[in-house]
Each structure stands twice: as structure tokens, then as C-alpha cells.
Amino acid sequence: MKTIPMFSIFSGTFYDLPESDINLIDEGQMPLLKKPSSSCKKCYGRGYTGRDAQHYGFIPCMCVRKVVNFSIIKRGEEQI
């Protein structure tokens with residue numbers, strides 16, 4: 001079963017999601033092309049640089065933003 005790496009803005013964690021369940025993701029879940037490097041000098045592999053106290057979400061690091069799979073996000077917007 002093929003999986004897609006994901007990053008959760010609300011929990012600040014990486015996880016793998018089966019490709020068949022990709023249409024079930026909600027806001028705050030970022031599909032990735034690959035998991036970013038764990039040797040990032042800004043986030044040290046955590047995937048986030050801090051936490052937004054107003055919205056209670058984690059701020060994604062640039063290493064995560066570079067590997068976001070925008071084709072999956074665009075497909076999800078077309079279905080709405």
C-alpha cells in the first residue's frame with residue numbers, strides 16, 4: 001500500500017497516510033512530496049519553528065514548505 005507523508009499543523013507531527021484516504025484530510029494537514037531533512041538549521045528536524053499562540057497551530061519551517069505537494073491540495077480544492 002502506497003503512503004503519502006503528511007505534516008499536521010495542529011500537532012506538529014509527521015505521519016504517513018494511505019493514498020486511498022487522501023480525500024479525507026481536513027484543514028491543517030499538509031501533504032508532502034517527501035519528509036524534509038532532519039538536519040535543518042532552523043527547526044532541527046522538528047518541522048516547525050514555533051507555535052502561534054493566537055491560533056494554537058505550529059508554524060511550518062521553510063524545509064517543510066519546500067516539499068509541500070501542491071497537486072494534491074489543488075485536487076482537493078476542485079472537489080469542493
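Observations, loosely collected:
- Residues that are closer than 20 Å to Ile73 by Cα and of a type in the set (Lys, Arg) were ranked within segment 34-48; the one that is surrounded by the fewest Cβ atoms within 10 Å (Cβ to Cβ) is Lys34.
- Output for segment 54-80, where each listed residue is at pLDDT 90 or above and assigned to a loop (DSSP other than H, G, I, E, B): Gln54, Cys61, Lys66, Val67, Asn69
- Scanning segment 19-33 finds no residues that are in contact (Cβ under 8 Å) with a residue 60 or more places away in the chain and either among the β-branched types (Val, Ile, Thr) or surrounded by 13 or more Cβ atoms within 10 Å (Cβ to Cβ) (or both).
- Counting the residues of segment 1-30 that are touching a Pro at 6+ places or on another chain (Cβ under 8 Å) and among the acidic types (Asp, Glu) gives 1.
- Subset of segment 14-29 (residues that are within 17 Å of Gly50 (Cα to Cα) and at pLDDT 95 or above): Phe14
- Filtered residues of segment 32-68 (kept if closer than 22 Å to Lys2 by Cβ, out of contact with any strand residue (DSSP E or B) (no Cβ under 7 Å at 6 or more places or on another chain) and hydrophobic (A, V, I, L, M, F, W, C)): Leu33
- Filter result (under 11 Å from the mean Cα position of the chain (by Cα) and among the aromatic types (Phe, Trp, Tyr)) within segment 27-69: Tyr48, Phe58
- Some residue of segment 13-24 being aromatic (Phe, Trp, Tyr) and assigned to a loop (DSSP other than H, G, I, E, B): no
The values are calculated or read from the model by the stated rules, or taken from the named source; none is laboratory data. Computed from a predicted structure; not experimentally measured. A quick note on method: Cβ atoms are made from the backbone with ideal geometry, for glycine too, and the neighbour counts reach across all protein chains shown.
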